[in-house]
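The values are calculated or read from the model by the stated rules, or taken from the named source; none is laboratory data. Just so we're clear, the structure is a prediction, and the values are computed from it rather than from any experiment. Every residue, glycine as well, gets a Cβ built from its backbone with ideal geometry; the counts of neighbours run over all protein chains shown. The protein model used for the area step is the full one, side chains on, heavy atoms only, and it has no ligands, DNA or RNA in it. Shrake-Rupley method; radii C 1.70, N 1.55, O 1.52, S 1.80 Å.
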Amino acid sequence: MRRVLLPVVLFALPTSAWAASPNRLSVWAMGDYDGARTEAIGGEDYVATGWSEVALELGSTISNKPAAPARTLGAAGFHVGLVTTFAHLPGRWVNSDYPDGWELMAQDEDPMPLLFVPTVQIRKGLPGSFEVGANFGWIGMSETGVVGAYGRVALVEGYKILPDVSLQAGYSAYVGNDEFELGAMDFSANVGYSLPFGPVAGIHTAKFSPFINLGLTRIHAAPRVDLVGSRLEDRVTELTGFETATTDPDAAQFNATYAPFSFAGGFEVQSGEFTFDLTSGYAVGGAVTFNLGLGFTY
């Protein structure tokens, strides 16, 4: 009997842990809060506002980050590392008489005030100053994650009298949640410079590479569950920062709120093959992020 029960108990433990996950987000959970139905109050629909808040802040959190200098790796270069993103969610710190979106969507109504996203980052240099990369991350304390990919090209790099300049475009997706979808497309320009240094005068075995980044993020979010006939109908709707030519009146219309500009800056220190990165960024109206990275460049 014990031999039968033990595997069942071991299998049930992680299931219980995920069920109590503080970062488990649910669309259906927005239908009530603290045992009462969530209805519009005083003409303000805080469910719709909260859904918009989570889409914008989570979308800007999962977007590809400028966690690398402006210069590319070169045709033979390869980089692998671990980058952890810490996201400060402005909406979680605003005093209000009503719950915010994160409280509404959290099944236990007590979400974490910060998000952390450990991410494996892989980058490969290509001929012609091109570079491609991929990110595979986990939303801490949840059963969901992030998958992203991007490409970069250096317009200027390697000149002593000029800064390095590169352009990046990519897309990342929130995965593992069957109640809603979320994705973010990023476009950015990166400007930086690499300063060689070393412990012995005249022998430079390390590089210090500060950089700044200006970008545009386009976010799309939509429920995957059928809300027709529920109190969430027409309150939790498709949101998009993508401009489309559709004439379908039921399709989501472009909203500039979900196409925020972003600003970021940071530096990388490379000693031999080892790299250390520290960056910070802000998407207007979205999350403030801090990114800490360790890796190896070959």
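Of the set (1) closer than 28 Å to ASP100 by Cβ; (2) modelled with pLDDT under 95; (3) surrounded by 15 or more Cβ atoms within 10 Å (Cβ to Cβ), all apply to LYS207 but (1). The C-beta contact set for region 54-72 (first residue more than 18 Å from ARG123 (Cα to Cα) and of a type in the set (Asp, Glu), second residue open to solvent by 10 Å² or more (accessible area, probe 1.4 Å) and part of a helix (DSSP H, G or I), distance under 9 angstrom, 6+ apart or interchain) comprises GLU57/PRO90; GLU57/GLY91; GLU57/ARG92.
Criterion applied to PHE242, PHE263 was being in contact (Cβ under 8 Å) with a residue 12 or more places away in the chain, surrounded by fewer than 21 Cβ atoms within 10 Å (Cβ to Cβ) and under 16 Å from the mean Cα position of the chain (by Cα), and the one residue passing it is PHE263.
Can you name the residue in region 266-279 that is farther than 17 Å from ALA87 by Cβ and of a type in the set (Asp, Glu) and, of all such residues, is surrounded by the most Cβ atoms within 10 Å (Cβ to Cβ)? By that ranking, first place goes to GLU268. Please verify whether ALA76 is of a type outside the set (Phe, Trp, Tyr), closer than 25 Å to GLU268 by Cα, open to solvent by 80 Å² or more (accessible area, probe 1.4 Å) and at pLDDT 90 or above, treating the condition exactly as stated. So ALA76 passes the test. Taking the numbered list (1) modelled with pLDDT of 95 or more; (2) in contact with a Leu (Cβ under 6 Å, 6 or more places away or on another chain) in turn, THR279 passes all entries but (2).
Taken together, the criteria place THR85 among residues that are within 14 Å of ALA287 (Cβ to Cβ), in contact with a strand residue (DSSP E or B) (Cβ under 8 Å, 6 or more places away or on another chain), open to solvent by less than 30 Å² (accessible area, probe 1.4 Å) and not aliphatic (A, V, I, L, M). All told, GLU143 falls short of being acidic (Asp, Glu) and under 26 Å from VAL284 (Cα atoms). Counting only strands (runs of 3 or more DSSP E) wholly contained in region 205-298, the ones carrying 3 or more residues that are of a type in the set (Ser, Thr, Tyr) occupy 274-283. On the basis of being open to solvent by less than 50 Å² (accessible area, probe 1.4 Å), of a type outside the set (Gly, Ala, Ser) and either at pLDDT below 95 or within 23 Å of LEU278 (Cβ to Cβ) (or both), does PRO66 make the cut? Criteria met by PRO66.
Restricting attention to region 24-63, the residues being open to solvent by less than 10 Å² (accessible area, probe 1.4 Å) and modelled with pLDDT under 90 number 1.
Residue-level check: of (1) farther than 17 Å from GLU57 by Cα; (2) without any contact (Cβ under 8 Å) to a residue 60 or more places away in the chain; (3) of a type in the set (D, E, K, R), ASP277 misses just (2). Among the criteria (1) of a type in the set (Phe, Trp, Tyr); (2) surrounded by 15 or more Cβ atoms within 10 Å (Cβ to Cβ); (3) in contact (Cβ under 8 Å) with a residue 24 or more places away in the chain, the one TYR282 does not fulfil is (3).
Table: residues versus (1) of a type in the set (A, V, I, L, M); (2) within 30 Å of LEU214 (Cα to Cα).
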residue: GLY31; (1), (2): no, no
residue: ALA36; (1), (2): yes, no
residue: GLU57; (1), (2): no, yes
residue: THR72; (1), (2): no, yes
residue: ALA75; (1), (2): yes, yes
residue: GLU103; (1), (2): no, no
residue: PRO111; (1), (2): no, no
residue: VAL120; (1), (2): yes, yes
residue: GLY128; (1), (2): no, yes
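Go through region 217-239 and give me each residue that's among the small types (Gly, Ala, Ser) and open to solvent by less than 40 Å² (accessible area, probe 1.4 Å). Within region 217-239, ALA221, ALA222, SER230 meet the criteria.
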